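Reading through the structure tokens given below for one structure.
We did not get these values from a lab; they are worked out from the coordinates using the rules stated. Quick caveat, the model's predicted, so the values are computed rather than measured. In this analysis, Cβ positions are derived from the backbone assuming ideal geometry, glycine residues included, and neighbour counts consider all displayed protein chains.
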There are 2 protein chains.
Amino acid sequence: MSVLMVDSPIRSASALPEEPTQASRFGKARTAQSGALLEDYVELISDLLESGGEARPTDIARRLGVAHATAIKTIGRLKREGLAVAKPYRGVFLTEAGESLAARVRARHRVVVDLLLAVGVPFEAAESDAEGIEHHVSDATLAAFARFLARS
Amino acid sequence: MSVLMVDSPIRSASALPEEPTQASRFGKARTAQSGALLEDYVELISDLLESGGEARPTDIARRLGVAHATAIKTIGRLKREGLAVAKPYRGVFLTEAGESLAARVRARHRVVVDLLLAVGVPFEAAESDAEGIEHHVSDATLAAFARFLARS
DNA sequence: CTCGGAATGTAGCCTCGGCTACATTCTGTG
DNA sequence: CACAGAATGTAGCCGAGGCTACATTCCGAG
């Protein structure tokens, strides 16, 4: 408690942040955005591998709601980044790096969803919004979320 | 109270969501993403107009941390979308639609930041992450945030 | 009133993440 | 075992959102 009125009173209509501060905030949001797609792919591939045994481009495409060509192109990017391996017509697998990224992403996803639920967000909205939100949750924020959940 | 363990026990490694459900979630996250940039511009322009009296492309670019040419191109998009007006060398102004979007965006931004602070996120992280998160907060989630803040 | 530096605008290039259309390979069924 | 249909892969297009380089316009100091 007391955490709420740090500087609330006036700042509504005045008090822009310092220029470099603001630029860096926006910059971070932009950076977070690239990488978000790769994270989604890696997490999904990991899920598919665990639950079904194989991750085929068509399945991935259907799950993500994109054309299969788009999925294949992005899988190519995953390979370039060293997150996945795939031989033609043989399905997609994750590298060490890919697996560990997937694990981190999945953990973060769960914390975000749980936090949303804990503050009263309805289930479907929580799952849906988390898909976008999670990519912008920094380590500091994630830690705070976990702490909040722990003391609930 | 109970809100926490809706389906927590097993779902870790199995139980993917239904295909169309998942596709729609990802689709929403993608959609939210386009529009995010416009929202940032509109909010910033509104802030600059209120606090300084004018919004010049160079200021906008500096604040956002991008090259001035990028800002000018995006301002062009704002004009096409009917959110802003600008005559060459005359600064940028918002239309009715632009102002009302700015108001909504700013309100949402405040709620998101306040919620992050309320669950214990440190100030700088809250401001920084909010910049990315806010664009993925649906109305349902926003309402839940407001409710949570009200009863704190 | 002129002239130089800052602001503004234009052009052209890049990558990413979509798409469609078409080509190739695999595979299960008759 | 052949072949149709599904899965996979390739090519080429588009818009968004970055960038640099260059051209133009504005404005304030001398």
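In table form, for the structure just shown:
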| quantity | calculated |
| --- | --- |
| Value of relative contact order over chain A, rounded to a whole percent, pairs C-alpha under 8 Å and six or more apart | 20 |
| FRET efficiency for B:His68 and A:Ala143, using Cβ-Cβ distance with R0 set to 45 Å, rounded to 0.05 | 0.75 |
| Neighbourhood charge, 15 Å Cβ-Cβ cut-off, centred on B:Glu39 and excluding it, Lys, Arg +1 and Asp, Glu -1 | 0 |
| GNM result for chain A, Cα springs below 10 Å: residue of A:Ala86, A:Ala71, A:Ala23 fluctuating most strongly | A:Ala23 |
| Label spacing, shortest first and in nm, from A:Glu81 to its equivalents in the remaining copies (7 angstrom along Cα→Cβ) | 2.5 |
| Residue among B:Val137, B:Val121, B:Val111 with the largest mean-square fluctuation in a Gaussian network model of chain B, springs linking Cα atoms under 10 Å | B:Val121 |
| Nearest residue to the symmetry axis between B and A, taken on chain B by its Cβ, in whole Å | B:Ile133, 3 |
| Phi-based couplings in Hz for the stretch A:36-48 (Karplus 6.51, -1.76, 1.60; Gly and Pro marked x) | 4, 5, 4, 4, 4, 4, 4, 4, 5, 4, 4, 4, 5 |
| Local net charge near B:Arg90, Cβ-Cβ under 11 Å (Lys/Arg +1, Asp/Glu -1) | +1 |
| Set of lysines near B:Lys79 by C-alpha distance (under 20 Å), chain-local residues within fewer than 8 positions excluded | B:Lys87 |
| Span from the the stretch B:20-55 Cα centroid across to the the stretch B:59-83 one, whole angstrom | 13 |
| Averaged over B:32-45, number of beta-carbon atoms from partner chains that fall within 10 Å | 2 |
| Table column - 3J(HN,Hα) (Hz), the stretch A:88-96, Karplus curve with 6.51, -1.76, 1.60, x for Gly and Pro | x, 6, 10, x, 10, 10, 9, 7, 3 |
| Listed residues B:Ala15, B:Ala61, B:Ala36, most fluctuating in chain B (Gaussian network, C-alpha, under 10 Å) | B:Ala15 |
| Hz values of 3J(HN,Hα) by residue in the stretch A:134-141 - Karplus curve (6.51, -1.76, 1.60), Gly and Pro given as x | 3, 6, 10, 8, 6, 4, 4, 5 |
| Residue-averaged beta-carbon neighbours from other chains (10 angstrom radius) around B:18-25 | 5 |
| For B:Leu94, residues with placed amide H under 5 Å, excluding near neighbours | B:Val85 |
| Copies compared at B:Arg104 - label distances in nm, ascending, label defined 7 Å from Cα in the Cβ direction | 3.5 |
| Copies compared at B:Pro122 - label distances in nm, ascending, label defined 7 Å from Cα in the Cβ direction | 3.7 |
| Net charge of Cβ neighbours under 15 Å - reference B:Glu54; Lys, Arg +1; Asp, Glu -1 | +2 |
